[in-house]
Amino acid sequence: MSDFRTEKDSLGEVRVPANAAYGAQTQRAADNFPISGIRFSRRFIAALGVVKRSAALANAELGLIPNDVRDAVVAVADRVIGGELDAEFVLDIFQTGSGTSSNMNANEVIANLASERMGGDRGSKLVHPNDHVNASQSSNDVIPTAMHVAAREGIEKDLVPALEALAQSLEAKAAEFDDVVKSGRTHLMDATPVRLGQEFGGYAAQVRNGIRRVQAGSEELAELALGGTATGTGINCPPGFAEKTIAHISTHTGLAFREAANHFEAQAAKDAYVNASGALNTLAVSLLKMANDIRHLSSGPTSGLSEIRLPAVQPGSSIMPGKVNPVLSEAMMMVCAKVMGNHTTITVGGQHGNFELNVMMPVMAHAMLESIAILAGAADAFRTRCLDGIEADRDRCRELLELNPSIATALNRTIGYDKASTVAKTAAKTRRSVRDVVLEMGLMSAEDLDHVLDVRDMTEPGVPGD
């Protein structure tokens with residue numbers, strides 16, 4: 001048997017591997033774009049399958065394709081959704097900016113395998129990639145639709161649950177560490193006391209705000225471009241097709257989607273995508289701050305802060321015995337850096353909505369879905385392998401706090417700013433406690449000093465000692 005079969009497209013004949021489910025247009029694109037070897041993610045391929053499945057159901061309801069063709073297309077689309085046919089999606093993400101090549105990849109795979117289900121051969125077009133699988137559609141509305149479906153599913157089903165679990169763990173640590181009073185730090189320098197629980201509560205609030213932001217971005221992604229076809233006018237799209245197809249998409253995914261209010265905006269601009277990516281970018285900033293703080297709080301064990309202890313998950317050095325490093329913080333920080341870079345890619349891509357069509361959609365889709373996936377993965381790994389096992393070193397927190405000259409701030413109302421400043425400078429210079437310096441200078445009685453220098457009281461609103 002030959003290793004190739006011959007298929008035709010509008011440019012002529014193309015040799016396609018005999019065992020490939022894709023056809024001529026996919027093969028041309030594979031030949032034209034041997035650039036990176038990076039292919040679309042599982043989420044995006046599944047989203048294409050969802051769109052094609054839903055479109056087949058809607059087209060049959062409108063009498064535009066026969067029921068036997070519908071059934072064959074739906075059966076193969078289900079295999080696409082399930083991941084069984086991922087190897088047939090062979091195209092590089094760096095391709096035609098509309099994603100037409102990947103839309104045709106899906107159309108050809110589904111058409112060829114559907115043709116076989118109906119007794120035909122691959123390439124026979126018994127089920128036609130354009131006339132049946134792509135009926136009432138254009139690449140220019142299918143790809144934006146798949147982008148939104150994939151991103152919304154990733155956010156709602158992967159990222160938000162991971163962030164919710166992370167927030168809950170941070171809140172649990174905030175409660176566990178509420179009794180630990182320690183030095184606050186501003187400008188990396190000693191500042192008035194805080195509770196370790198307050199610091200972790202701040203991280204939890206950042207994550208909660210991040211959840212709210214990404215869900216708001218996800219809601220904007222609920223608008224789908226389907227129905228605009230080539231340029232937003234809806235040419236060759238019968239009335240009711242978009243509404244019916246989107247209803248099937250919503251049912252299949254369990255997420256609410258709706259037709260775009262303005263199809264020209266939906267296809268020419270990618271503002272909703274840029275906005276959602278911006279929420280991911282902000283989340284990355286929050287998570288990097290948290291991971292970096294935790295890395296510094298655990299620094300040591302003898303020459304750093306060492307206010308918290310991280311779980312020892314792996315040896316930290318190939319040469320220094322016993323060394324343990326904050327590896328989960330470092331991994332989180334790298335993920336956040338990548339997400340920030342992806343946001344730049346999406347921002348630049350969003351600028352290239354030239355007239356009626358954006359022409360950087362494939363790389364935008366890849367960047368978005370990568371950001372969603374790695375943020376979810378990092379949140380889960382950080383929580384389970386680091387955060388849940390963090391312990392407070394209460395003795396170390398107390399030791400550093402007693403030497404903190406900023407405790408003298410609590411003396412302002414009692415002895416005045418100038419004398420309190422002298423106390424703070426003397427304490428810092430002599431590496432003695434504020435309490436010892438005040439008593440040595442005879443500025444207050446021991447009883448009054450105990451009342452004013454209640455460090456727990458300093459961590460609450462109001463004036464210490466009142």
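Within region 36-77, the set of residues being crowded, with 22+ Cβ neighbours inside 10 Å and among the polar types (S, T, N, Q) comprises Ser54, Asn59. Summed over region 438-450, the residues that are without any contact (Cβ under 8 Å) to a residue 24 or more places away in the chain and buried (at least 16 other Cβ atoms within 10 Å of the Cβ) give a count of 1.
Every listed requirement among (1) in a helix (DSSP H, G or I); (2) in contact (Cβ under 8 Å) with a residue 40 or more places away in the chain is met by Val80 save one, (2).
Among the residues of region 39-77, those identified as on the phi < 0 side of the Ramachandran plot and not in a helix (DSSP H, G or I) are Arg39, Phe40, Ser41, Leu62, Leu64, Ile65, Pro66. Restricting attention to region 349-362, does a residue exist that is within 23 Å of Phe40 (Cα to Cα), crowded, with 20+ Cβ neighbours inside 10 Å and among the β-branched types (Val, Ile, Thr)? The answer is no; no qualifying residue exists.
Within region 112-132, is there a residue that is under 33 Å from the mean Cα position of the chain (by Cα), in a helix (DSSP H, G or I) and closer than 17 Å to Gln25 by Cα? Scanning region 112-132, I find no residue that is under 33 Å from the mean Cα position of the chain (by Cα), in a helix (DSSP H, G or I) and closer than 17 Å to Gln25 by Cα, so the answer is no.
Go over the candidates Ile155, Ile81, Ile93 one by one and state the one that is in the same structural domain as Ser277 (by TED's automatic domain parsing) and either within 30 Å of Ala216 (Cβ to Cβ) or surrounded by fewer than 22 Cβ atoms within 10 Å (Cβ to Cβ) (or both). After ruling out the rest, the residue left standing is Ile155. Residue check: Glu171 meets all listed conditions (1) within 30 Å of Gly82 (Cα to Cα); (2) among the acidic types (Asp, Glu); (3) crowded, with 17+ Cβ neighbours inside 10 Å but one, namely (1).
Annotation note: of Thr282, Thr229, the sole residue that is hydroxyl-bearing (Ser, Thr, Tyr), assigned by TED's automatic domain parsing to the domain that holds Met334 and at positive phi is Thr229. Can you tell me which residues in region 184-235 are in contact with a strand residue (DSSP E or B) (Cβ under 8 Å, 6 or more places away or on another chain), more than 22 Å from Leu375 (Cβ to Cβ), outside any helix (DSSP H, G or I) and touching a residue at least 12 places away in the same chain (Cβ under 8 Å)? Gly184, Asp190, Ala191, Thr192, Pro193, Val194, Arg195, Glu223, Leu224, Leu226, Gly227, Thr231, listed by residue number. Within region 91-113, residues that are on the phi < 0 side of the Ramachandran plot reach partners that are among the charged types (D, E, K, R) and surrounded by fewer than 24 Cβ atoms within 10 Å (Cβ to Cβ) with beta carbons closer than 6 Å, at six or more positions or on different chains, in the pairs Val109/Glu88; Asn112/Arg122.
Of the candidates Met334, Met320, the single residue that is surrounded by fewer than 19 Cβ atoms within 10 Å (Cβ to Cβ), part of a helix (DSSP H, G or I) and either free of Cβ contacts under 8 Å to residues at least 24 places away in the same chain or assigned by TED's automatic domain parsing to the domain that holds Leu62 (or both) is Met334.
List the pairs whose first member sits in region 57-71 and is free of Cβ contacts under 8 Å to residues at least 12 places away in the same chain, whose second member is part of a loop (DSSP other than H, G, I, E, B) and of a type outside the set (Gly, Ala, Ser), and whose Cβ atoms are under 8 Å apart, counting only residues at least 6 apart or on separate chains? Close Cβ pairs satisfying both conditions: Ala60/Pro66. Can Ala410 be described as under 44 Å from the mean Cα position of the chain (by Cα), surrounded by 17 or more Cβ atoms within 10 Å (Cβ to Cβ) and assigned by TED's automatic domain parsing to the domain that holds Gly184? The answer is no for Ala410. If you go through region 1-31 and keep only what is in contact (Cβ under 8 Å) with a residue 12 or more places away in the chain, more than 17 Å from Ser124 (Cβ to Cβ) and among the charged types (D, E, K, R), you end up with Asp3, Arg28. The selection criterion, being more than 30 Å from Arg309 (Cα to Cα) and either assigned to a helix (DSSP H, G or I) or within 46 Å of the chain's Cα centre (by Cα) (or both), holds for Lys425.
Among the residues of this structure, Ser169 does not count as one that is outside the structural domain of Val434 (by TED's automatic domain parsing) and at pLDDT below 95. Inside region 236-250, residues that are among the small types (Gly, Ala, Ser), part of a loop (DSSP other than H, G, I, E, B) and within 20 Å of Ala269 (Cβ to Cβ) make up a count of 0. Screening region 251-292 for residues that are outside any helix (DSSP H, G or I) and within 22 Å of the chain's Cα centre (by Cα) and picking the one that is surrounded by the fewest Cβ atoms within 10 Å (Cβ to Cβ) gives Gly254.
The values are calculated or read from the model by the stated rules, or taken from the named source; none is laboratory data. Every value quoted in this text rests on a predicted model; they were computed, and no experiment measured them. Every residue, glycine among them, receives a Cβ derived from its backbone with ideal geometry; neighbour counts consider all protein chains shown.
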